[in-house]
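Remarks on the structure that follows.
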Amino acid sequence: MTRKRVAILISGRGSNMAALIEAARAPDYPAEIVGVLSNKAAAPGLGTAAAHGIATASLAQSRFPTRELFEDAMTRVLESWETDYVCLAGFMRILGADFVNRWMGRMINIHPSLLPAYRGLDTHRRALADGVAEHGCTVHFVTPGLDEGPAILQARVPVLPGDTPETLAARVLVEEHRIYPEALRLLATGQARL
Ligand code: GAR
C-alpha cells in the first residue's frame, strides 16, 4: 500500500490536526501526514506537529500584496511536500477560487455544524440561539462556495439543557476528532470522491 501524502492547514490550536496525526501513526492507515502549514506563526499546533517530527511552515497573508500571491506561496510549500491531499483543520481564512480549483477533489475541511446549517463562524452560539435539539460537525469537500462542498461524513450530538457555546463546542469536538480521521481514510482509499 502506498500511503497518500497529506498536508494539514491550521490557524491555531490544532486538535483536529493532532487527531489526524494520531490516526496516521497506525501502519494500516492509508495516509501519512507530510507537513503542517499555518497562516499564523504563533499557532500552537505548529509545535505539536514539530514534536511529532512533521515538517512545518508558516506564511502570513499580510506579507503578500494579494491573496493570490499568498495562496501561490502556500501551493509552492504544499508542492515541496509532494502533497496529494490537503486537510483544512481550523484554517480560518477564506480561500480564493484559484487555490480551491487547484486542489478541488483533493481538499477537505472540518466544520463545526451539521452543514448546510450554520455555515461560517460562531456556529455553536448560533445553534443555541435558535434552540435546536441537535448540533454536530461535518467533513466536506472544499469547493468555491464557503462551506458548501458535498459532505463526506457528519456526526450529531444532542444539545442539552444549560449548554453554553463552550460546553456544546466541547461535545462537538469529540466527534470532530472521531470523524475527521475516518473521512480522510475514505478520501485516501478512493471511497469518497467529489
Ligand atoms: C474546530 O472546531 C473546527 O471545526 C473549526 O475550528 C476549530 C479548530 O480547532 N473550524 C471552523 O470553524 C472552520 N470554519 P482545532 O484547531 O483544535 O482543530
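All of the numbers you see were taken from the coordinates with simple rules; none came from a lab. All values reported here derive from a predicted model rather than from experimental measurement. Cβ: placed from backbone, ideal geometry, glycine included. Neighbour counts: every protein chain shown.
Things worth noting here:
- Dipole magnitude for the range 1-76: computed about the Cα centre from +1 point charges on Lys and Arg Cβ and -1 point charges on Asp and Glu Cβ, it is near 80 debye.
- The trypsin sites (Lys or Arg not before Pro) of the range 119-194 that meet both conditions, a loop assignment by DSSP and at most 11 other Cβ atoms within 10 Å of the site Cβ, are ARG193.
- When only the Cβ of Lys, Arg, Asp and Glu is charged (+1, +1, -1, -1), the dipole of the chain relative to its Cα centre reaches about 200 debye.
- Extension gain from GLU32 to ILE94, taking 0.36 nm per residue of separation minus the Cα-Cα distance: 19.8 nm
- Looking at the chain alone, DSSP beta bridges between its own residues are antiparallel in about 40 percent of cases.
- Summarising the label geometry, the points placed 7 Å from Cα in the beta-carbon direction at ARG125 and THR2 lie 4.7 nm from one another.
- Euclidean distance between Cα centres, the range 121-194 to the range 50-89, Å: 24
- Estimated 222 nm signal from helices in the chain, with DSSP H stretches of n ≥ 4 weighted -39500 (n - 2.57), rounded to 500: -11000 deg cm²/dmol
- Less than 5 angstrom separates the built amide H of LEU153 from those of VAL139, all sequence-distant by 5 or more or on a different chain.
- The order of ASP28, ASP98, ASP130, going from fewest to most other C-beta atoms within 10 Å of their C-beta, is ASP28, ASP130, ASP98.
- Counted by Cβ distance under 14 Å from GLY96, the other residues give a net charge of -1, where Lys and Arg count +1 and Asp and Glu count -1.
- Distance in nm between pseudo-label sites at ALA50 and THR189 (7 Å out along the Cβ direction from Cα): 3.5
- Taking every alpha-carbon pair under 8 Å whose residues sit at least 6 apart, the chain reaches a relative contact order of 21 percent.
- Counting neighbouring beta carbons within 10 Å and listing from fewest to most, the residues TYR180, TYR118 come out as TYR118, TYR180.
- Counting 0.36 nm for each residue step from GLU22 to ALA169 and taking away their Cα separation leaves a gain of 50.8 nm.
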